[in-house]
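Visitor: Can you read through this structure? Questions will come right after.
The values are calculated or read from the model by the stated rules, or taken from the named source; none is laboratory data. Just so it is clear, the structure is predicted and the values come from calculations on it, not from any experiment. Cβ sites come from the backbone with ideal geometry, for glycine too, and all protein chains shown count toward neighbours.
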Amino acid sequence: MMIFFWVVLILISLSMVAFIYRLVKGPSTPDRVVALDALGVALISMIGVISILADTIFFLDIILLLAILAFIGTVAFSKFLEKGEIIQRDNNPS
């Protein structure tokens, strides 16, 4: 069973290399945002497999933190691509 987890770890590493390539060479900005999001998911998956291999639950807090940060980053990038700004400021104070 441990061989399976090592093979999964290697496959996730190879997919991360492909995501980094897409992040650098992406033909458009939305492709780069999707590659960055996929890289975050792959990193979370890799930490999960390492947690299983190390037989510890210590890494689960790190996984949760990375998932929250990846989600916030994806939403912020998407909003920036759509509207050109992340935080809208009201220029007319009431």
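Visitor: Which of (1) modelled with pLDDT of 90 or more; (2) under 24 Å from S13 (Cβ atoms) is the odd one out, the single condition I72 does not satisfy?
Guide: Status for I72: all satisfied but (2).
Visitor: List the residue pairs whose Cβ atoms are under 6 Å apart, where the first residue sits in the range 23-41 and is in contact (Cβ under 8 Å) with a residue 24 or more places away in the chain, the second is assigned to a helix (DSSP H, G or I) and buried (at least 18 other Cβ atoms within 10 Å of the Cβ), and the two are 6 or more positions apart or on different chains.
Guide: Every condition considered, the pairs that remain are V33/F77; G40/A70.
Visitor: Out of the residues in the range 6-22 meeting the condition of being in contact (Cβ under 8 Å) with a residue 40 or more places away in the chain and surrounded by 13 or more Cβ atoms within 10 Å (Cβ to Cβ), tell me which one is farthest from L66 (Cα to Cα).
Guide: Looking at the filtered set, the residue picked out is V8.
Yes/no per residue for (1) assigned to a helix (DSSP H, G or I); (2) of a type in the set (S, T, N, Q); (3) touching a Leu at 6+ places or on another chain (Cβ under 7 Å); (4) surrounded by 12 or more Cβ atoms within 10 Å (Cβ to Cβ):
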| site | (1), (2), (3), (4) |
| --- | --- |
| F4 | yes, no, no, no |
| P27 | no, no, no, no |
| P30 | yes, no, yes, yes |
| A35 | yes, no, yes, yes |
| G40 | yes, no, yes, yes |
| M46 | yes, no, yes, yes |
| S51 | yes, yes, yes, yes |
| F58 | no, no, no, no |
